[in-house]
Each structure stands twice: as C-alpha cells, then as structure tokens.
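**Student:** I'd like to ask some things about the structure below.
The values are calculated or read from the model by the stated rules, or taken from the named source; none is laboratory data. What you see is a predicted model, and the numbers here were worked out from it, not measured in a lab. Here the Cβ positions follow ideal geometry from the backbone for every residue, glycine too, while neighbour counts run over all protein chains shown. Side chains included, ligands, DNA and RNA excluded: accessible areas come from the protein's heavy atoms. Shrake-Rupley method; radii C 1.70, N 1.55, O 1.52, S 1.80 Å.
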Amino acid sequence: MSNRKNEEGFADEGASSAEAIARNEHAPGGVSPPKQPETEAEPNIKGWGFSDPRLRPFVVISIAYLLFTVTDGAIRMIVLLHAYKKSFSALEVAVMFTLYEVAGAVTNLAAGLMGARWGIRFTLICGLCLQIFSYGLLFGWNDDWSKRTAIAYVTVAQMFAGIAKDLTKLGGKTVTKLVTPEGKNTRLFRLVSLLT
C-alpha cells in the first residue's frame, strides 16, 4: 500500500487526491469531524421549537385544554352564584353538580377506549362540542321555573359538562405523551401528574 499525501497534506492510502477531496468537500476546512453515534437514551431532538410542525398538535390541544379549563371553572362559579342569588340551599346546589362528577368518572373510564378507537382528535372535538352544548343549556335556565325543575335542568346540563371535561382532558394529557421524545418522559410525566 502506498502512503502518499493528497493536495491538503493528508495521507491518502491508495486513493486518488480527487477522491480524497470529494470525501471531504462538505466539511469546513476539508476535514470531516468524526460522527458521533446516536444512542437510544439520547435521541436527536434538535429543532424542537414552537415553530416545529411536530409540536403544532401539542400547542393546539394545550391551548384548547387550558381555555376549556378556565371556562369550565367559570361557568360552574356562575351557576353557583346564580343559584345563591335565587335562594337555593347549599344542598340543592350540591345536587346540581352531582351528575357533573358522576358523569365525569364514568366518562373517564370510557374515554380511553374512545381515544384508542377513534383518536384523540375525535375525543377532543366531542368534548369541546359537548361543552358548548352544556353552555347553551345553561343559558336556557328560566328564572320562572320551580326549584325542582331548575335543579333537574341544571343537573342534566352539568352532566354534559362533566362528560365534556373528561373527553377534553383525555386529549390534553395524551398529546403530551405523543410529542415527548423517548427518554425524556419521566420528568415530564412527573410534572403533568403534579399539575393535574
């Protein structure tokens, strides 16, 4: 084997100088840096910024979930204050929210199956639509109704809000898992479990 030097002064074992230059033409200064092998524990996640299209679903669903959370809490407070203004007792107001919690618990069990079968987008859109439907029902609350009628009506409207809450929550939590790079999910899930 002949050890001759190419035009750049590097030893070129048997290859022509044109081949040596072609191998190094894209490297700065003509020398290729050694390639670092990617390990499974640390994947290449360069470019993960807010403008990255891979994060767009995460941003959209996160904003929808946060807005949903704010409006859901606000509407429950409005119902509570309106019922107080109309002289409902604490027990009567508590009854208005029973189906909200019960429907939420049942939906929580079924939402995972729905998400697996029809996808996160479907459950998120269903949740948001049910929330709007629930708000529409609450706007129909007539002050001339008897207490029993009002309690039954608001309880049913709040049931739809409870279903909507858990359908939307499924999308909000699941999308976080889907966009998290491998090996980075431990810290993220501790944060998500702390916040929720």
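**Student:** Of all residues in region 126-145 being out of contact with any helix residue (DSSP H, G or I) (no Cβ under 7 Å at 6 or more places or on another chain) and open to solvent by less than 60 Å² (accessible area, probe 1.4 Å), which is nearest to MET114 (Cα to Cα)?
**Tutor:** Filtering first and then ranking leaves GLY136.
**Student:** Which of the numbered conditions does SER62 fail, given that it passes all the others? Conditions: (1) of a type in the set (Ser, Thr, Tyr); (2) at pLDDT below 85; (3) more than 17 Å from THR174 (Cα to Cα).
**Tutor:** (3)
**Student:** Here is a follow-up. Looking at the structure I just gave you, is VAL60 open to solvent by 80 Å² or more (accessible area, probe 1.4 Å), closer than 16 Å to ASP166 by Cβ and not small (Gly, Ala, Ser)? Let's see the steps before the verdict.
**Tutor:** Values: open to solvent by 80 Å² or more (accessible area, probe 1.4 Å): yes; closer than 16 Å to ASP166 by Cβ: no; not small (Gly, Ala, Ser): yes.
No.
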